[in-house]
Amino acid sequence: MRAILILMVALFSAGPLHAMKAKTIILSDKKVAKIRLTPGRSTILSFPMKPTKVILGNSGIFTVEYVENDLALAALMSPARSNMFVYLYGRRFAFDLVTVRKRGDEIIVIRDDKDKDVKVKIK
């Protein structure tokens with residue numbers, strides 16, 4: 001009984017072993033970001049504003065769903081690979097989508113490298 005109690009405490013205090021942090025990718029219109037998708041799981045790309053258009057190289061092997069400022073991606077088969085272009089506020093971002101067996105990307109925050117160039121005047 002004592003061994004079961006110790007095991008339960010150890011399991012619940014450790015937290016999820018597979019939890020991953022969201023990562024941030026800073027893109028320009030000249031860079032291509034590699035996105036790793038695990039079949040059976042969704043990957044979220046979070047943009048600073050709602051994308052206006054998405055062009056998926058092969059829509060038969062990946063699916064894309066708009067959710068506010070996010071794009072939810074899922075692989076329909078594996079192995080699979082495609083490119084994807086996302087347009088927002090006059091900018092284009094390029095992605096290389098590839099399936100992996102384990103440890104695919106979960107949440108990716110996309111930022112524009114031009115955002116750091118914006119100067120704000122404070123009065």
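Please list 3J(HN,Hα) in residue order for region 89-100, calculated via the Karplus relation 6.51 cos²θ - 1.76 cosθ + 1.60 where θ = phi - 60°; whole Hz, with x for glycine and proline.
Computed from phi, the couplings for region 89-100 are 5, x, 10, 10, 10, 10, 9, 10, 8, 9, 8, 9 Hz.
Please figure out what share of the DSSP beta bridges in region 22-113 is antiparallel and state it in percent, rounded to the nearest 5. Intermediate results must be reported in sequence, preceding the final value.
Working: 23 of 37 bridges.
The antiparallel proportion sits near 60 percent.
Would you mind counting up the charge near residue 43? Only other residues with Cβ under 15 Å from its Cβ, with Lys and Arg at +1 and Asp and Glu at -1.
Details: positive: 21, 23, 34, 36, 41, 81, 101, 102, 103; negative: 65, 70, 96, 105, 106.
Around residue 43, the charge tally is +4.
Round to a whole angstrom and tell me the spacing of the C-alpha centers of region 23-77 and region 90-114.
Taking the Cα centre of region 90-114 as reference, the centre of region 23-77 is 6 Å away.
So who's got an amide H within less than 5 Å of the one on residue 107, skipping anything under 5 residues away but keeping other chains? H placed 1.01 Å off N, in plane.
The list, which skips near neighbours in sequence, is 23, 44.
Taking 4 °C and 1.567 mPa s as the conditions, I'd like the Stokes-Einstein D for region 22-113 in µm²/s, using the Kirkwood hydrodynamic radius from alpha carbon pairs.
Values: Rh = 12.9 Å.
Reported coefficient: 100 µm²/s.
Under 16 Å Cα to Cα from residue 114, which lysines show up? Leave out anything in the same chain fewer than 8 places away.
30, 31
Assuming 0.36 nm per residue, please report the length gained on full extension of the stretch residue 59 to residue 41 beyond their Cα-Cα distance.
Values: separation 18, 0.36 × 18 = 6.48 nm, distance 1.69 nm.
Net length gain for the segment: 4.8 nm.
Each label point is 7 Å from the Cα along the Cα-to-Cβ direction; what then is the distance between the points at residue 96 and residue 50, in nm?
With each label placed 7 Å out from Cα toward Cβ, I get 3.2 nm.
Run the numbers for residue 109 and residue 72: contour at 0.36 nm per residue of separation, minus the present Cα-Cα distance, in nm. Working shown, then result.
Details: separation 37, 0.36 × 37 = 13.32 nm, distance 1.22 nm.
Stretched fully, the residue 109-residue 72 segment lengthens by 12.1 nm.
Provide the FRET efficiency to the nearest 0.05 for the residue 34-residue 80 pair, computing r from the beta carbons and using R0 = 22 Å. Before the final figure, lay out each step's value.
Details: r = 14 Å, r/R0 = 0.62.
So, using R0 = 22 Å, E works out to roughly 0.95.
Throughout, read-outs are computed from the coordinates displayed, never taken from laboratory work. This structure is a prediction, so every number in the text was calculated from the model and none was measured. Cβ coordinates were reconstructed from backbone atoms using ideal geometry, including for glycine residues, and neighbour counts include every protein chain displayed.
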